[in-house]
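Report on the following structure.
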Amino acid sequence: MVELSGVLGVALVALGMVLTPGPNMIYLVSRSITQGRRAGVVSLGGVAMGFLVYLLATNLGLSVVFLAVPELYVAVKLAGAAYLAYLAWNALRPGGVSVFAPEELPHDSSRKLFTMGLMTNLLNPKIAIMYLSLIPQFISLEAGNVLLQGFLLGSVQIAVALTVNLGIVLAAGAIAAFLARRPSWLRVQRYLMGTALGLLAVSVATDTSAPARA
């Protein structure tokens, strides 16, 4: 059985990570604003599938692959850090646009929205780090079945992430309208998000920890 301390630990880490601006948040907000809440919910379904893919892959041995080929783990981590740095630059550069500023985007089909949500999550370095390095730290060998613990703790992370992201999807339009009437707040939001993304990119790039065994 999973220990309560492990459940609470994963829940707190998951909450902190989902509230940190990243690819998932940017994609879900942009779709919700430009194509409506339904598009945001469909996109969130793809994000949820990405979580399940990582959960299954990690518990069935993906972390072993990274342990056997550490260069691959470093390459994936650095690629993710570079992507976060790119997102930070887009937010902070002169003429940058806030994630809550409405933009003209094509109205994609539900299938494409789902697929894009899935790919956005699979390429999200925060999620890779969560499953490969953080969740295994909360698994106790004395608590019994390690594989079952991994799935249960991963389910806690998914529940937290989907709950928060659903709230973001449902509130994105209202937040965008609120900020649109207050241009200075929109700029502050853009700078805060860009700074957070930049710090996260540096943190990911300089992290020297290796993936843990699940």
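How much length would be gained if the chain were fully extended between VAL7 and ARG38, taking 0.36 nm per residue of separation minus their Cα-Cα distance, in nm to one decimal?
Extending this stretch completely gives an extra 8.1 nm.
Per-residue HN-Hα couplings for region 9-24, Karplus 6.51 cos²θ - 1.76 cosθ + 1.60 at θ = phi - 60°, whole Hz, x for Gly and Pro?
Whole-Hz 3J(HN,Hα) from phi for region 9-24: x, 5, 4, 5, 5, 4, 5, x, 6, 6, 7, 7, x, x, x, 4.
For region 13-53, what is the Kirkwood estimate of the hydrodynamic radius, computed as the reciprocal of the mean inverse distance between distinct Cα atoms, to one decimal in Å?
10.6 Å
Quick one: what are the phi-derived ³J(HN,Hα) couplings along region 155-168, Karplus 6.51/-1.76/1.60 with θ = phi - 60°, whole Hz, x for glycine and proline?
Coupling constants for region 155-168: 5, 5, 4, 5, 4, 5, 4, 5, 5, 5, 5, 5, x, 5 Hz.
Report ³J(HN,Hα) in whole Hz for each residue of region 31-38, in order, from the Karplus equation J = 6.51 cos²θ - 1.76 cosθ + 1.60 where θ = phi - 60°; Gly and Pro get x.
Running phi through 6.51 cos²θ - 1.76 cosθ + 1.60 with θ = phi - 60° gives 5, 5, 6, 8, 10, x, 5, 4 Hz.
Values in this text are rule-based calculations from the coordinates and carry no lab data. Just so we're clear, the structure is a prediction, and the values are computed from it rather than from any experiment.
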